[in-house]
1. Find the accessible area per residue for segment 54-196; the probe is 1.4 Å, ligands and nucleic acids are left out, and the unit is Å².
2. Using alpha carbons only, how many angstrom separate the centre of segment 71-123 from the centre of segment 124-183?
3. Rounded to the nearest 0.05, what FRET efficiency do Lys112 and Arg136 have when you use their Cβ-Cβ distance and R0 = 45 Å?
4. Ranked highest first by the average count of other Cβ atoms within 10 Å around their residues, in what order do 125-132, 23-30 fall?
5. Report the local net charge at Arg118: Lys and Arg +1, Asp and Glu -1, summed over other residues whose C-beta lies under 15 Å from its C-beta.
6. Subtracting the Cα-Cα distance from 0.36 nm times the residue separation, let me have the gained length for Leu192 to Glu161 in nm, one decimal.
7. Using Cα-only point scatterers and the Debye equation, what is log10 of I(q)/I(0) for segment 81-196 at each q in 0.13, 0.18, 0.20, 0.24 Å⁻¹, rounded to two decimals?
8. Charges on Cβ only, +1 for Lys and Arg, -1 for Asp and Glu, centred on the Cα centroid of segment 115-181; of Gln148, Thr137, Thr171, which one is farthest towards the dipole's positive end?
Amino acid sequence: MKPASTGAVIGLVITLSACAPFEPRRGIDTAHALTAERGVGGIVAPSGDCTSPATALGEAPIVLDGDRALAVALACNAALAAEQARLGIANAEAFEARRLANPELSLGAERKDGGGTRIDFGLAQNFSNLILRGPRTRLAEGEFLRAQQLLAGRVLELAAEVESARAALVTARQLDQTRRLIAEAADAAAELAERY
């Protein structure tokens, strides 16, 4: 093999196996966009203590309205954190599937009895990894997209659960207020009946 073609092969292998940067937040923004299309905000990292929902966003204790309750639920939900972790794992697996294994370079020198030196140069790449790279990448990307959709779905489910719980709370408060008004009216009627 000529030195020029050897250099070209080495350059090609190095170029093909060069490291692509890993994007740890890949997929999170798309999941946010999927939920935002349906009117639900994105996932918020907790900045306070999730054991006290009113301070989970790092603020002074507050009354939780619908939007704040959703923000706390998105920031402190363990199932949602697990889905985010699954998305991160799928992202890492997709990244790993796209990468080529490092080639093995070998260089050897052997001195011959006749006074000459024999120099051996070798370059080896796992051929099966090269052949299976495409299918492996497609499979890993499919799993990544699946994890992304599952995260967006879990955010939407959680938003529906929070809204349902908020509606149940409002209903319970109104029912309690109605019962108190009825009790006050009954007391007033009883007091009026005692007078006459």
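The values are calculated or read from the model by the stated rules, or taken from the named source; none is laboratory data. Treat the numbers as computed from the prediction; the structure is a model and nothing was measured. Cβ sites come from the backbone with ideal geometry, for glycine too, and all protein chains shown count toward neighbours. What goes into the accessible areas is simple: the full protein's heavy atoms, side chains included, and nothing from ligands, DNA or RNA. Shrake-Rupley method; radii C 1.70, N 1.55, O 1.52, S 1.80 Å.
1. Result: 69 Å² of accessible area for each residue.
2. The two parts, judged by their Cα centres, are 31 Å apart.
3. 0.50
4. In decreasing order of mean packing, 125-132, 23-30 become 23-30, 125-132.
5. Around Arg118, the charge tally is -1.
6. Separation in residues times 0.36 nm, less the Cα-Cα distance, equals 6.6 nm.
7. So the normalised log intensities are -0.80, -0.99, -1.06, -1.19.
8. About the Cα centre, the residue reaching furthest to the positive side is Thr171.
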